[in-house]
Amino acid sequence: MSEKETIVVIGAGVIGLSTALCLQEQLTPSQQILLVARDWPNTISVNYASPWAGAHYRPVPGTSPQALREEKQARRTYQHFKTMIQEPGSGVKSVEGLEHLENPPAEYFDKQAIGNSYAHLDGFRQLRKDELPGSVTWGVRYNTFVVNSPVYCAYMLRRFVLKGGQTKEYTLANPQEAFYLAPNVRTVVNCSGVGFGDPKSFIIRGQTCLVRNPCNVTLTRQNSDGSWSFCIPRPLEGGTIIGGTKQPHNWDPNPSLETREKLLREASKWFPFTPESGGKFDVVRDIVGRRPAREDGLRIEAERLDGGRTIVHGYGAAGRGYEISWGVAEDVVKLVKENGLLKERARL
(Lines give C-alpha, C1' and ligand atoms only; values in the text may rest on other atoms or scores of the structure.)
Protein backbone atom coordinates (compact mmCIF):
# COMPACT_ATOMS: atom_id res chain seq x y z
CA MET A 1 0.00 0.00 0.00
CA SER A 2 1.37 3.40 -0.99
CA GLU A 3 2.04 5.97 1.72
CA LYS A 4 -0.70 8.55 2.28
CA GLU A 5 -0.11 12.07 1.09
CA THR A 6 -0.11 14.61 3.94
CA ILE A 7 -1.57 18.10 3.55
CA VAL A 8 -0.11 20.45 6.17
CA VAL A 9 -2.27 23.30 7.51
CA ILE A 10 -0.32 26.00 9.36
CA GLY A 11 -2.07 27.82 12.21
CA ALA A 12 -4.65 26.86 14.86
CA GLY A 13 -6.49 30.18 15.00
CA VAL A 14 -10.11 30.43 13.94
CA ILE A 15 -9.15 30.59 10.23
CA GLY A 16 -6.72 27.66 10.44
CA LEU A 17 -9.10 25.46 12.44
CA SER A 18 -12.04 26.27 10.14
CA THR A 19 -9.91 25.55 7.07
CA ALA A 20 -8.63 22.26 8.48
CA LEU A 21 -12.20 21.11 9.20
CA CYS A 22 -13.52 22.28 5.83
CA LEU A 23 -10.62 20.58 4.04
CA GLN A 24 -11.19 17.41 6.05
CA GLU A 25 -14.71 17.18 4.60
CA GLN A 26 -13.27 17.08 1.08
CA LEU A 27 -10.28 14.82 1.74
CA THR A 28 -9.51 11.87 -0.51
CA PRO A 29 -8.99 8.41 1.05
CA SER A 30 -5.32 8.61 0.11
CA GLN A 31 -4.73 11.89 1.96
CA GLN A 32 -4.49 13.04 5.57
CA ILE A 33 -4.11 16.43 7.30
CA LEU A 34 -1.44 17.55 9.74
CA LEU A 35 -2.28 20.75 11.63
CA VAL A 36 0.92 22.53 12.69
CA ALA A 37 0.90 25.52 15.04
CA ARG A 38 2.90 27.40 17.63
CA ASP A 39 -0.18 28.24 19.73
CA TRP A 40 -3.25 26.17 20.55
CA PRO A 41 -6.63 26.78 22.23
CA ASN A 42 -5.15 25.81 25.60
CA THR A 43 -2.27 28.31 25.38
CA ILE A 44 -2.20 32.02 26.25
CA SER A 45 -0.27 34.41 24.02
CA VAL A 46 -0.84 38.01 23.01
CA ASN A 47 0.13 36.91 19.48
CA TYR A 48 -2.57 34.22 19.35
CA ALA A 49 -5.60 36.41 18.81
CA SER A 50 -8.46 33.92 18.34
CA PRO A 51 -9.13 33.04 22.01
CA TRP A 52 -9.19 36.75 22.90
CA ALA A 53 -11.93 37.69 20.48
CA GLY A 54 -15.38 38.90 21.55
CA ALA A 55 -16.69 37.45 19.28
CA HIS A 56 -19.90 38.25 17.43
CA TYR A 57 -21.27 38.36 13.92
CA ARG A 58 -21.68 41.97 12.85
CA PRO A 59 -21.88 43.19 9.23
CA VAL A 60 -19.51 45.88 7.97
CA PRO A 61 -20.99 47.70 4.95
CA GLY A 62 -18.68 48.84 2.18
CA THR A 63 -18.30 49.05 -1.59
CA SER A 64 -14.60 48.31 -2.09
CA PRO A 65 -13.54 45.01 -3.69
CA GLN A 66 -12.21 43.88 -0.30
CA ALA A 67 -15.50 44.75 1.44
CA LEU A 68 -17.56 42.93 -1.20
CA ARG A 69 -15.32 39.87 -1.00
CA GLU A 70 -15.58 39.78 2.77
CA GLU A 71 -19.35 40.21 2.58
CA LYS A 72 -19.68 37.03 0.53
CA GLN A 73 -17.49 35.21 3.03
CA ALA A 74 -19.53 36.61 5.92
CA ARG A 75 -22.84 35.45 4.44
CA ARG A 76 -21.61 31.86 4.23
CA THR A 77 -20.24 32.07 7.78
CA TYR A 78 -23.65 33.29 9.01
CA GLN A 79 -25.25 30.18 7.51
CA HIS A 80 -22.57 28.00 9.10
CA PHE A 81 -23.22 29.49 12.54
CA LYS A 82 -26.87 28.51 12.13
CA THR A 83 -25.74 24.89 12.17
CA MET A 84 -23.32 25.48 15.05
CA ILE A 85 -26.07 26.55 17.46
CA GLN A 86 -27.42 23.01 17.19
CA GLU A 87 -24.18 21.83 18.84
CA PRO A 88 -24.43 22.70 22.57
CA GLY A 89 -20.69 22.42 23.12
CA SER A 90 -19.67 24.70 20.25
CA GLY A 91 -19.90 27.92 22.25
CA VAL A 92 -22.09 29.59 19.58
CA LYS A 93 -25.45 31.13 20.52
CA SER A 94 -28.16 33.06 18.67
CA VAL A 95 -29.00 36.46 20.19
CA GLU A 96 -30.49 39.80 19.22
CA GLY A 97 -28.00 42.20 17.64
CA LEU A 98 -28.37 45.97 17.94
CA GLU A 99 -26.40 48.82 16.39
CA HIS A 100 -26.69 52.45 17.51
CA LEU A 101 -24.67 55.04 15.59
CA GLU A 102 -24.49 58.75 16.40
CA ASN A 103 -22.39 59.84 13.45
CA PRO A 104 -22.63 57.11 10.76
CA PRO A 105 -19.96 56.92 8.02
CA ALA A 106 -21.13 57.50 4.44
CA GLU A 107 -21.49 53.80 3.63
CA TYR A 108 -24.34 53.51 6.15
CA PHE A 109 -26.42 55.76 3.89
CA ASP A 110 -25.66 53.66 0.78
CA LYS A 111 -28.79 51.54 0.33
CA GLN A 112 -27.00 49.00 -1.86
CA ALA A 113 -24.14 48.60 0.63
CA ILE A 114 -26.61 48.15 3.50
CA GLY A 115 -28.60 45.64 1.45
CA ASN A 116 -25.46 43.66 0.62
CA SER A 117 -24.37 43.57 4.24
CA TYR A 118 -27.62 43.19 6.18
CA ALA A 119 -30.39 41.79 3.95
CA HIS A 120 -29.44 38.14 4.62
CA LEU A 121 -29.82 38.55 8.38
CA ASP A 122 -32.93 37.02 9.92
CA GLY A 123 -35.15 39.59 11.59
CA PHE A 124 -33.28 42.55 10.12
CA ARG A 125 -34.99 45.93 10.21
CA GLN A 126 -34.06 49.58 10.44
CA LEU A 127 -35.02 51.14 13.75
CA ARG A 128 -37.56 53.96 13.75
CA LYS A 129 -36.59 57.37 15.08
CA ASP A 130 -38.68 56.84 18.20
CA GLU A 131 -36.74 53.63 18.89
CA LEU A 132 -33.34 55.33 18.84
CA PRO A 133 -31.92 56.41 22.20
CA GLY A 134 -30.58 59.91 22.86
CA SER A 135 -28.33 61.30 20.15
CA VAL A 136 -28.34 58.12 18.01
CA THR A 137 -29.28 58.90 14.40
CA TRP A 138 -29.00 55.44 12.78
CA GLY A 139 -29.89 52.05 14.20
CA VAL A 140 -30.76 48.50 13.20
CA ARG A 141 -31.67 45.20 14.86
CA TYR A 142 -31.26 41.63 13.60
CA ASN A 143 -30.79 38.07 14.73
CA THR A 144 -27.12 37.25 15.05
CA PHE A 145 -24.60 35.04 16.83
CA VAL A 146 -22.15 35.43 19.68
CA VAL A 147 -19.23 33.08 20.25
CA ASN A 148 -17.37 31.99 23.35
CA SER A 149 -14.11 32.05 21.42
CA PRO A 150 -11.90 29.78 23.61
CA VAL A 151 -14.70 27.19 23.73
CA TYR A 152 -15.32 27.39 19.97
CA CYS A 153 -11.63 26.97 19.11
CA ALA A 154 -11.33 23.97 21.45
CA TYR A 155 -14.53 22.51 19.97
CA MET A 156 -13.18 22.75 16.41
CA LEU A 157 -9.84 21.25 17.39
CA ARG A 158 -11.60 18.36 19.13
CA ARG A 159 -13.75 17.70 16.05
CA PHE A 160 -10.68 17.78 13.81
CA VAL A 161 -8.81 15.23 15.94
CA LEU A 162 -11.81 12.91 16.40
CA LYS A 163 -12.26 12.83 12.61
CA GLY A 164 -8.68 11.62 12.17
CA GLY A 165 -6.69 14.85 11.96
CA GLN A 166 -3.11 14.92 13.22
CA THR A 167 -1.53 17.79 15.19
CA LYS A 168 2.00 18.99 15.87
CA GLU A 169 3.17 21.85 18.08
CA TYR A 170 5.99 23.51 16.19
CA THR A 171 7.28 27.02 15.49
CA LEU A 172 7.96 27.43 11.79
CA ALA A 173 10.54 29.87 10.49
CA ASN A 174 9.25 29.66 6.92
CA PRO A 175 6.16 28.00 5.40
CA GLN A 176 8.43 25.89 3.17
CA GLU A 177 9.70 24.20 6.33
CA ALA A 178 6.27 22.55 6.62
CA PHE A 179 7.02 20.32 3.65
CA TYR A 180 9.52 18.46 5.83
CA LEU A 181 7.32 17.84 8.87
CA ALA A 182 5.71 14.69 7.49
CA PRO A 183 6.35 12.21 4.69
CA ASN A 184 4.94 12.88 1.24
CA VAL A 185 3.85 16.52 1.60
CA ARG A 186 2.93 18.27 -1.66
CA THR A 187 0.52 20.88 -0.30
CA VAL A 188 0.86 23.39 2.55
CA VAL A 189 -2.05 25.64 3.54
CA ASN A 190 -0.73 28.79 5.20
CA CYS A 191 -3.26 30.13 7.73
CA SER A 192 -0.57 31.67 9.91
CA GLY A 193 -2.32 34.97 10.65
CA VAL A 194 0.33 37.55 9.76
CA GLY A 195 2.11 35.37 7.21
CA PHE A 196 5.88 34.97 7.14
CA GLY A 197 7.56 38.30 6.41
CA ASP A 198 4.79 39.52 4.11
CA PRO A 199 5.48 43.28 3.81
CA LYS A 200 1.74 43.94 3.57
CA SER A 201 1.05 42.28 6.91
CA PHE A 202 0.77 44.20 10.19
CA ILE A 203 -0.81 43.83 13.61
CA ILE A 204 -3.73 45.73 15.13
CA ARG A 205 -3.59 45.91 18.91
CA GLY A 206 -6.93 45.47 20.61
CA GLN A 207 -7.88 45.87 24.26
CA THR A 208 -11.15 44.70 25.77
CA CYS A 209 -12.42 43.88 29.25
CA LEU A 210 -14.11 40.65 30.35
CA VAL A 211 -16.73 41.18 33.06
CA ARG A 212 -19.03 38.76 34.87
CA ASN A 213 -22.09 40.96 34.33
CA PRO A 214 -24.69 39.20 32.15
CA CYS A 215 -26.14 40.76 28.99
CA ASN A 216 -28.82 39.30 26.71
CA VAL A 217 -28.01 41.13 23.45
CA THR A 218 -24.91 42.19 21.58
CA LEU A 219 -24.86 45.95 21.09
CA THR A 220 -22.44 48.00 19.00
CA ARG A 221 -22.35 51.75 19.64
CA GLN A 222 -20.67 54.48 17.62
CA ASN A 223 -20.19 57.78 19.45
CA SER A 224 -20.30 61.26 17.93
CA ASP A 225 -16.49 61.50 17.96
CA GLY A 226 -16.29 58.43 15.71
CA SER A 227 -15.15 56.02 18.45
CA TRP A 228 -16.80 52.60 18.75
CA SER A 229 -17.71 50.43 21.71
CA PHE A 230 -19.52 47.13 22.07
CA CYS A 231 -20.76 44.51 24.49
CA ILE A 232 -20.70 40.84 23.53
CA PRO A 233 -22.07 38.18 25.87
CA ARG A 234 -20.07 34.95 25.84
CA PRO A 235 -22.27 31.84 25.79
CA LEU A 236 -22.01 29.06 28.38
CA GLU A 237 -21.80 31.55 31.25
CA GLY A 238 -18.57 33.05 29.90
CA GLY A 239 -19.30 36.61 31.02
CA THR A 240 -19.48 39.64 28.72
CA ILE A 241 -16.76 41.25 26.62
CA ILE A 242 -16.66 45.06 26.74
CA GLY A 243 -14.70 46.64 23.95
CA GLY A 244 -12.76 47.93 22.42
CA THR A 245 -9.78 49.50 20.74
CA LYS A 246 -8.06 49.19 17.36
CA GLN A 247 -4.45 50.40 17.29
CA PRO A 248 -2.52 49.49 14.13
CA HIS A 249 1.24 48.83 14.56
CA ASN A 250 1.00 49.17 18.36
CA TRP A 251 3.14 46.43 19.97
CA ASP A 252 2.44 47.27 23.63
CA PRO A 253 1.45 43.95 25.31
CA ASN A 254 0.31 45.63 28.54
CA PRO A 255 -3.34 46.49 29.23
CA SER A 256 -4.04 50.14 29.99
CA LEU A 257 -6.04 50.90 33.14
CA GLU A 258 -7.10 54.19 31.57
CA THR A 259 -8.49 52.31 28.58
CA ARG A 260 -10.34 49.89 30.83
CA GLU A 261 -11.94 52.76 32.76
CA LYS A 262 -13.04 54.43 29.53
CA LEU A 263 -14.53 51.19 28.16
CA LEU A 264 -16.50 50.54 31.34
CA ARG A 265 -17.60 54.16 31.64
CA GLU A 266 -19.10 54.00 28.14
CA ALA A 267 -20.65 50.61 28.85
CA SER A 268 -22.38 51.85 31.99
CA LYS A 269 -24.09 54.60 29.98
CA TRP A 270 -25.29 52.66 26.97
CA PHE A 271 -25.36 48.90 27.35
CA PRO A 272 -28.40 46.93 28.57
CA PHE A 273 -27.05 45.04 31.54
CA THR A 274 -29.46 43.43 33.97
CA PRO A 275 -30.67 45.66 36.85
CA GLU A 276 -28.67 43.86 39.53
CA SER A 277 -25.48 45.17 37.95
CA GLY A 278 -26.29 48.62 39.29
CA GLY A 279 -24.01 50.26 36.73
CA LYS A 280 -20.99 48.58 38.34
CA PHE A 281 -18.81 45.92 36.80
CA ASP A 282 -17.30 42.74 38.18
CA VAL A 283 -14.08 42.62 36.17
CA VAL A 284 -12.55 39.22 35.40
CA ARG A 285 -9.57 40.45 33.40
CA ASP A 286 -8.24 42.93 30.89
CA ILE A 287 -7.52 41.43 27.48
CA VAL A 288 -4.87 42.51 24.97
CA GLY A 289 -4.48 40.73 21.65
CA ARG A 290 -2.80 41.38 18.30
CA ARG A 291 -5.12 40.96 15.35
CA PRO A 292 -3.28 39.74 12.22
CA ALA A 293 -4.12 42.28 9.52
CA ARG A 294 -3.01 42.85 5.96
CA GLU A 295 -3.17 45.73 3.49
CA ASP A 296 -5.79 44.99 0.79
CA GLY A 297 -7.30 42.32 3.05
CA LEU A 298 -6.81 38.59 3.23
CA ARG A 299 -4.31 36.87 1.01
CA ILE A 300 -6.05 33.91 -0.62
CA GLU A 301 -3.65 32.74 -3.28
CA ALA A 302 -1.90 29.61 -4.54
CA GLU A 303 1.89 29.77 -4.84
CA ARG A 304 3.53 27.12 -7.01
CA LEU A 305 7.01 26.02 -5.99
CA ASP A 306 9.59 23.80 -7.64
CA GLY A 307 9.22 20.04 -7.37
CA GLY A 308 5.44 19.94 -7.72
CA ARG A 309 4.85 21.60 -4.34
CA THR A 310 2.19 24.25 -3.64
CA ILE A 311 1.49 26.68 -0.81
CA VAL A 312 -2.10 27.91 -0.60
CA HIS A 313 -2.26 31.08 1.47
CA GLY A 314 -5.18 32.17 3.63
CA TYR A 315 -4.16 34.78 6.20
CA GLY A 316 -4.61 38.42 7.26
CA ALA A 317 -8.26 38.55 8.42
CA ALA A 318 -7.67 41.42 10.91
CA GLY A 319 -10.62 41.93 13.28
CA ARG A 320 -13.14 39.96 11.21
CA GLY A 321 -11.72 36.47 11.71
CA TYR A 322 -14.82 34.94 13.25
CA GLU A 323 -17.31 36.80 11.05
CA ILE A 324 -15.77 35.55 7.80
CA SER A 325 -14.05 32.39 9.04
CA TRP A 326 -16.09 29.66 7.35
CA GLY A 327 -16.41 31.61 4.10
CA VAL A 328 -12.62 32.05 4.03
CA ALA A 329 -12.16 28.33 4.73
CA GLU A 330 -14.43 27.45 1.81
CA ASP A 331 -12.54 29.83 -0.50
CA VAL A 332 -9.19 28.32 0.51
CA VAL A 333 -10.46 24.77 -0.03
CA LYS A 334 -11.91 25.80 -3.39
CA LEU A 335 -8.47 27.06 -4.38
CA VAL A 336 -6.90 23.78 -3.25
CA LYS A 337 -9.34 21.90 -5.49
CA GLU A 338 -8.86 24.24 -8.46
CA ASN A 339 -5.14 23.54 -8.34
CA GLY A 340 -5.75 19.80 -8.61
CA LEU A 341 -4.66 19.09 -5.03
CA LEU A 342 -8.00 17.43 -4.19
CA LYS A 343 -9.61 15.29 -6.87
CA GLU A 344 -12.40 13.35 -5.17
CA ARG A 345 -14.52 13.38 -2.07
CA ALA A 346 -13.74 11.01 0.76
CA ARG A 347 -15.52 7.63 0.53
CA LEU A 348 -17.92 6.80 3.37
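Where the centre of each part is set by its Cα atoms, how far does the stretch 156-173 sit from the stretch 187-226, in angstrom?
The two parts, judged by their Cα centres, are 23 Å apart.
Take the Cβ-Cβ distance between residue 103 and residue 295 as r, set R0 to 30 Å, and report the resulting FRET efficiency rounded to the nearest 0.05. Don't skip to the answer; put the middle values down first.
Values: r = 26 Å, r/R0 = 0.88.
Computed FRET efficiency for residue 103 and residue 295: 0.70.
List, in the order given, every pair from 82/200; 72/262; 168/200 whose Cα-Cα distance in the structure shown is over 31 Å.
Values: 82/200 34 Å; 72/262 34 Å; 168/200 28 Å.
Cα-Cα > 31 Å for 82/200; 72/262; rest within.
For the stretch 39-130, what does the relative contact order come out to in percent, with C-alpha contacts under 8 Å and a separation of six or more? Mind showing how you got there, number by number?
On the way: 38 pairs, mean separation 27.1, N = 92.
It comes to 29 percent, rounded to a whole number.
Which of the lysines could a cross-linker span from residue 269 if the Cα-Cα distance has to be under 29 Å and same-chain partners fewer than 8 positions apart are dropped?
93, 129, 246, 280
Rounded, prolate or oblate, given the Cα gyration tensor of the stretch 190-247, with a/c below 1.5 counting as rounded? Numbers along the way, then the final one.
On the way: a/c = 3.26, a/b = 1.61, b/c = 2.03.
Since a/c reaches 1.5 but b/c is at least a/b, the shape of the stretch 190-247 is classed as oblate.
At a 1.4 Å probe radius, carbon and sulfur cover how many percent of the accessible area of the chain?
On the way: 7960 of 15990 Å².
C and S fraction of accessible area: 50 percent.
Net charge within 13 Å of residue 311 by Cβ-Cβ distance, Lys/Arg positive one each and Asp/Glu negative one each, not counting residue 311 itself? Spell out each step's value before the answer.
Values: positive: 186, 299, 304, 309; negative: 177, 198, 301, 303, 306.
With Lys, Arg at +1 and Asp, Glu at -1, the neighbours total -1.
Which Rg and Dmax, in Å, describe the Cα atoms of the stretch 189-348?
Every Cα atom of the stretch 189-348 included, Rg and Dmax give 20.0, 65 Å.
I need the helices of the chain that pass two filters: whole DSSP H segments spanning 18 Å or more by Cα along the axis, and mean Kyte-Doolittle score no lower than 0.5. Mind showing how you got there, number by number?
Details: long enough: 65-84 (29 Å, -1.71); 149-162 (20 Å, 0.79); 257-270 (20 Å, -1.18); 321-338 (25 Å, 0.07).
TM-like helix candidates: 149-162.
Once you have a ≥ b ≥ c as the square roots of the Cα gyration tensor eigenvalues for the stretch 290-343, tell me rounded if a/c is under 1.5, and otherwise prolate or oblate according to whether a/b is larger than b/c.
Values: a/c = 3.42, a/b = 1.72, b/c = 1.98.
Because a/c hits 1.5 or more and a/b fails to exceed b/c, the stretch 290-343 counts as oblate.
Explain nothing, just the number: relative contact order of the stretch 191-348, from Cα pairs under 8 Å at least 6 residues apart, as a whole percent.
Details: 275 pairs, mean separation 43.7, N = 158.
It rounds to 28 percent for the stretch 191-348.
Using only the Cα atoms of the stretch 1-117, what do you get for the radius of gyration and for Dmax, in Å?
Expressed in Å, the Cα Rg and Dmax of the stretch 1-117 come to 18.3, 66.
On average, how much accessible surface per residue is there in the chain, in Å², for a 1.4 Å probe, leaving out ligands, DNA and RNA?
On the way: 15990 Å² over 348 residues.
The answer is 46 Å² per residue.
Which value, in Å to one decimal place, does the Kirkwood hydrodynamic radius take for the stretch 97-228 when every pair of different Cα atoms is included? Could the numbers behind the result be given before it?
Numbers: mean 1/r = 0.0510 Å⁻¹.
Value: 19.6 Å, from the Cα pair sum.
Can you tell me how the stretch 232-271 classifies by the Cα gyration tensor, rounded, prolate or oblate, using a/c under 1.5 as the rounded cut? Before the final figure, lay out each step's value.
On the way: a/c = 2.32, a/b = 1.45, b/c = 1.59.
Cα axes put the stretch 232-271 in the oblate bin.
When N counts the residues of the chain, how does its alpha-carbon radius of gyration compare numerically with 2.2 N^0.38 Å, as a ratio?
On the way: Rg = 20.5 Å, N = 348, 2.2 N^0.38 = 20.3 Å.
So the chain has a normalised radius of gyration of 1.01.
Okay, helix-only estimate at 222 nm for the chain: each DSSP H run of n ≥ 4 adds -39500 (n - 2.57), divide by all residues, round to 500 deg cm²/dmol; what do you get?
Numbers: 6 runs with 86 residues, N = 348.
After summing the helix terms and dividing by the residues of the chain, the value is -8000 deg cm²/dmol.
What is the sum of charges, Lys and Arg at +1 and Asp and Glu at -1, for the other residues whose Cβ falls under 12 Å from the Cβ of residue 169? Don't jump to the answer; show the numbers that get you there.
Numbers: positive: 38, 168; negative: 39.
Once all neighbours under 12 Å are counted, the net charge is +1.
With Cβ to Cβ distances under 12 Å as the rule, what net charge do the other residues near residue 120 carry (K, R +1; D, E -1)?
Working: positive: 72, 75, 76, 82; negative: 71, 122.
Once all neighbours under 12 Å are counted, the net charge is +2.
The values are calculated or read from the model by the stated rules, or taken from the named source; none is laboratory data. On a predicted model such as this, the values are computed, not experimentally measured, just so you know. All Cβ positions, even for glycine, are placed from backbone atoms using ideal geometry, and neighbour counts span all protein chains on display. Ligands, DNA and RNA are excluded from the accessible area calculation, which covers all protein heavy atoms including side chains. Shrake-Rupley method; radii C 1.70, N 1.55, O 1.52, S 1.80 Å.
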